[in-house]
Every structure is written in C-alpha cells, then in structure tokens.
C-alpha cells in the first residue's frame, strides 16, 4: 500500500438527515479511534494467575476528532446547531484506500480559538452513539 496523504482522511456530516453528507469545512487534522472495554473474569482458578477476559463482552466505542480553520461554511453552522440542540446526526469518516466508517455520533466538544495576528481555529470531538459500520474499498 502506498503512503496516503493525511488531507484525504475526511470527516463528513449528514447535513439534512437524508444521507446528504458534506465534508466538515476547514479541517486540517483529523483522528479516528476505536475502543473496546474489557470484562475481567479472572478467578482463583485462572491458569497461572493470568487475567482472563470474556470475549465478545464489554462496550465498544469510536471517537472522532478534528481541528482546523474556521470558515463559517454551512457545515460549520450545522455542526454548531447539532451541538447546541444535542442532536446525534450521522457522520462518515473516509479513510483513503481503506474504507468508510459511518454511524451516529454526538458532538461532545466544540472549541473556537484565535489570536489577534492569526486565523480563527476550531476543534471538535465526536463520540459514537450507536452501532458503527465499516465498508472496505
């Protein structure tokens, strides 16, 4: 597999609720992480005292984060409104030459910053709010 450009990792948001996904404007850096909590079933009878985990149990989750320059585009306004309304819209994360992750996510953090001699920036964090699917390319 060839090296991929980081700018090709895109976060897209369902703008209208009917599957019309649009790239969240101005992002320069994005990150997707998957997590799985474990269920420890270790007992005094565990072989050699080694920890044992219950397969298929626990809670799985995904987090998405992005940061970039504030553009005041339609996607910025939609994200801001979803945050303040507590909505849980669908998002897609496009991973170049790998696939697409899609699911419902809640915007858990939305930060804006800027200095007097620089551009306005923003950061957003998303937490999965249901099953997440993956479609390979």
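The values are calculated or read from the model by the stated rules, or taken from the named source; none is laboratory data. Values in this document were obtained by computation on a predicted structure and should not be read as measured data. Heads up, the Cβs are rebuilt from the backbone with ideal geometry, glycines too, and the neighbour counts pull from every protein chain shown.
The table below gives the values:
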quantity	calculated
Residue 84 being closer than 30 Å to residue 118 by Cβ and assigned to a helix (DSSP H, G or I)	yes
Test: residue 130 is within 16 Å of the chain's Cα centre (by Cα) and either over 16 Å from residue 33 (Cβ atoms) or outside any strand (DSSP E or B) (or both)	yes
Test for residue 88: is it in contact with a helix residue (DSSP H, G or I) (Cβ under 6 Å, 6 or more places away or on another chain) and modelled with pLDDT of 90 or more	no
Meets criteria (under 15 Å from residue 125 (Cβ atoms), outside any helix (DSSP H, G or I), modelled with pLDDT under 95 and touching a strand residue (DSSP E or B) at 6+ places or on another chain (Cβ under 9 Å)) for residue 66	yes
Unique match (being without any contact (Cβ under 8 Å) to a residue 24 or more places away in the chain and either within 12 Å of the chain's Cα centre (by Cα) or within 15 Å of residue 11 (Cα to Cα) (or both)) among 79, 109, 125, 104	109
Any hit, segment 71-78, residues being at pLDDT below 90 and touching a helix residue (DSSP H, G or I) at 6+ places or on another chain (Cβ under 8 Å)	no
Single residue of segment 18-56 satisfying the filter (without any contact (Cβ under 8 Å) to a residue 12 or more places away in the chain and under 30 Å from residue 112 (Cα atoms)) that is surrounded by the most Cβ atoms within 10 Å (Cβ to Cβ)	20
Search result, residues across segment 108-137 that are surrounded by 10 or more Cβ atoms within 10 Å (Cβ to Cβ) and farther than 23 Å from residue 95 by Cα	111, 112, 113, 114, 119, 120, 121
Conditions (1) on the phi > 0 side of the Ramachandran plot; (2) at pLDDT 90 or above: number failed by residue 97	(2)
